[in-house]
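The values are calculated or read from the model by the stated rules, or taken from the named source; none is laboratory data. All figures in this text were calculated on a predicted structure; none of them were measured in a lab. Glycine gets a Cβ as well: all are built from the backbone with ideal geometry, and neighbour counts include every protein chain shown. Accessible surface areas use protein heavy atoms only, side chains included; no ligands, DNA or RNA. Shrake-Rupley method; radii C 1.70, N 1.55, O 1.52, S 1.80 Å.
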Amino acid sequence: MPDNLSLYIERDSPLQRLNPLTKLAISFSLILIGFLGPGYWLATLLFICVLVPLSIWGKIGPEFLQRTVRLILPLALFLFVMQSLFYPGGRTVLWRFWIFSVKLEGVQFAYLTATRLMNMVGAFLLLLLSTHPSTLMTDLTRRGVSPSLTYILVSTLQIIPQMRNKANTIIDAQRSRGLETQGSVRARIGALLPLVGPLVFGSLVDVEERAIALEARAFKAKRVKTSLIHVPDSVRQRQVRIGLVVLTLVMIGIRLWPL
Amino acid sequence: MAIIAIQNLTYHYPQTTQPALQDLSFQVEEGEFVAVIGANGAGKSTLCYALTGFAPHFFRGEMSGQVLVAGLDTRHTPLEELMLVAGLVFQNPGNQISGAKFTVYEEIAFGLENLGVPPAEMRPRIDRIMALTGITDFANRSPYALSGGQQQRVALASILVMEPKLLVLDEPTSQLDPIGSREVFETIRAMSKQGMTVIMAEHKLEWVATFADRVIALANGEIILNGPPAEVLTSPLLIEHHIGQTRYTTVAKQAQAEQLWPPERALPVVIDEAEAGFRAYKK
Ligand SMILES: Nc1ncnc2c1ncn2[C@@H]1O[C@H](COP(=O)(O)OP(=O)(O)OP(=O)(O)O)[C@@H](O)[C@H]1O
Ligand SMILES: [Mg+2]
């Protein structure tokens, strides 16, 4: 079982060493341009010509492709089926069977949406696979993001798997007392109810103890925090980030006011 | 000078009529190891919170009397200042992991980051504490991937690295298996040997008997006994207040009733004394 929900893959590559904010800027500009930029093939191009090469540069190419496909494939299939059959206003019928007919407009729309989603999922995955969450949070905190906010983000990443473990422990305990947790849907829903009590009540007690633990570690101290990890940044990267913001605005502009 | 000086401390949790602590007065000298014992609800945890300022700063409630820790009056000192002086470790190891960090090493650094310690100064401090608590091997593991005993030592290390003058422990092994308990107790004992002042609420009386320089027994929020372990742990008051006694005391008492224990000999609280007593009887 993974320790936490972090997707980070440890590799020694220039992409991994980039400042997290730079990667954040790359991801978000790719997503925005993919959705709001001009041209039918734009999202496809961004994925093939930008995201894939970046992932190879980051030495995470295979993992990147594998995970993107695994996430996007079911969604894309669903989109194609629904849109090609039921796209409103579709005229050009490609082929038909029984009462269904597949329309070109629907297929095109499904393709556009699917590639945009793939571009978005890919952009997020590139960031998450190549950036350790601590590095990202440290850098954001250093730039003035509230420590409480970054704390909530990171602890959520960690607490979800922990809750899952706890739920499993409780289920095991219930099962060993002869409770039905397998079998029909009804039996399983019934079995979930006794789980709610310990999980919720346990969590309430936990919240108080966690708050005490955080205080005991001076989390609320009104001092300037320091950080164990040094996250490097450079003037060049700053320029790249500004460039990305400008590029994103220009691309959206071209879409809105085509020449 | 006493590192802890408590005068007539009475404390009520919010919206309660019965005080959780009632007219407590005692002192603790620097370097002392004091165990606090008592039945469920006797006020052990509350005393730990009062010593670290969580009562009243965190829990609110009503406090009268005075608690001085390293010269600081807890009522008029903000929590963050008190944390520098008195470290608190409590029962549930999982809940003491901050959740803010992904490795044990970073977890231990967390308190130092919050205190604004320069990074260059952090590493030697963290390395030293990890060696002391025996967790160096886990440095790069997730704190959530450790056993209870290991997690509790990470919790200890995370507090110790902040270099408090005083360590307050609230039943630090109550959620651990025997192996985990032993690991944690040995670590605490090592800290005490190095001169750290330790106040530990604990119900495992056999351990209390081997560790403590002094034992304070609480019942219904009041101090009923305060003295050396051999004296407090053999007092009949312990049974009366449902605190129990060590199994060595129990055995020797039974033996005494059947005239199998040397008359005039004090009741034992550790295994060696029990053994010596029975040998003396045989002669
Ligand atoms: N947060 C709270 N609010 C109100 N009353 C509380 C609170 N915490 C504890 N008490 C009450 O204060 C008294 C002392 O509780 P405390 O937790 O200090 O006992 P304890 O000796 O630590 O017990 P245990 O062995 O169960 O840990 C009890 O009567 C308890 O019900
Ligand atoms: Mg308690």
Looking only at segment A:34-69, and only at residues there that are among the β-branched types (Val, Ile, Thr) and open to solvent by 10 Å² or more (accessible area, probe 1.4 Å), the one that is nearest to A:SER13 (Cα to Cα): A:ILE56
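Residue by residue, here is whether (1) within 15 Å of ligand 1 (Cβ to nearest atom); (2) aliphatic (A, V, I, L, M) holds:
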{"site": "B:ILE3", "(1), (2)": "no, yes"}
{"site": "B:TYR13", "(1), (2)": "yes, no"}
{"site": "B:THR17", "(1), (2)": "yes, no"}
{"site": "B:SER25", "(1), (2)": "no, no"}
{"site": "B:GLU62", "(1), (2)": "yes, no"}
{"site": "B:LEU68", "(1), (2)": "no, yes"}
Test result for A:LEU249, modelled with pLDDT of 75 or more, in a helix (DSSP H, G or I) and more than 14 Å from chain B (Cβ to nearest Cβ): yes
Among the candidates B:SER158, B:SER235, residue that is in the same structural domain as B:GLY134 (by TED's automatic domain parsing) and either of a type in the set (Gly, Ala, Ser) or over 30 Å from B:GLU107 (Cα atoms) (or both): B:SER158
Matching residues in segment B:62-105 - criterion: being within 16 Å of ligand 2 (Cβ to nearest atom) and open to solvent by 30 Å² or more (accessible area, probe 1.4 Å): B:GLN91, B:ASN92
Single condition B:ALA55 does not satisfy, out of (1) within 14 Å of ligand 1 (Cβ to nearest atom); (2) touching a strand residue (DSSP E or B) at 6+ places or on another chain (Cβ under 9 Å); (3) open to solvent by 10 Å² or more (accessible area, probe 1.4 Å): (3)
Strands (runs of 3 or more DSSP E) (entirely within segment B:150-225) containing at least 2 residues that are within 14 Å of another protein chain (Cβ to nearest Cβ) and open to solvent by less than 10 Å² (accessible area, probe 1.4 Å): B:166-170
Options A:ALA114, A:ALA110; residue that is over 18 Å from A:ILE31 (Cβ atoms), touching a Leu at 6+ places or on another chain (Cβ under 6 Å) and crowded, with 18+ Cβ neighbours inside 10 Å: A:ALA110
Flag if B:SER147 is in the same structural domain as B:TYR105 (by TED's automatic domain parsing) and open to solvent by 10 Å² or more (accessible area, probe 1.4 Å): yes
Scan of segment B:111-121 for residues that are facing another protein chain (nearest Cβ under 7 Å), open to solvent by 10 Å² or more (accessible area, probe 1.4 Å) and assigned to a helix (DSSP H, G or I), ordered by number: B:GLU113, B:LEU115, B:PRO119
Those residues of segment B:32-52 which are open to solvent by 30 Å² or more (accessible area, probe 1.4 Å) and either at positive phi or more than 10 Å from ligand 2 (Cβ to nearest atom) (or both), in sequence order: B:GLU32, B:GLY41
Residue under evaluation B:LYS101, criteria (1) assigned to a helix (DSSP H, G or I); (2) at pLDDT below 95; (3) within 9 Å of chain A (Cβ to nearest Cβ), criterion not met: (1)
Qualifying residue in segment B:31-49 (condition: in a loop (DSSP other than H, G, I, E, B), more than 14 Å from chain A (Cβ to nearest Cβ) and more than 12 Å from ligand 1 (Cβ to nearest atom)): yes
First in segment A:217-240 and away from every other protein chain (no Cβ under 13 Å), second anywhere and assigned to a loop (DSSP other than H, G, I, E, B), Cβ under 8 Å, 6 or more apart: A:PRO232/A:ASN19; A:ASP233/A:ASN19; A:SER234/A:ASN19; A:GLN237/A:LEU18; A:GLN237/A:ASN19
Helices (runs of 4 or more DSSP H) contained entirely in segment A:19-64, each with at least 1 residues that are more than 17 Å from A:MET118 (Cβ to Cβ): A:20-36, A:52-57
Selected residue [closer than 22 Å to A:ASP12 by Cβ and crowded, with 21+ Cβ neighbours inside 10 Å] from A:SER84, A:SER130: A:SER130
Subset of segment B:130-166 [farther than 21 Å from B:LEU115 by Cβ and in contact with a Leu (Cβ under 7 Å, 6 or more places away or on another chain)]: B:PHE138, B:GLY148, B:GLY149, B:GLN152
Inter-residue pairs, beta-carbon under 7 Å, first more than 10 Å from A:VAL121 (Cβ to Cβ) and in segment A:59-88, second of a type in the set (Asp, Glu), 6+ apart: A:TYR87/A:GLU105
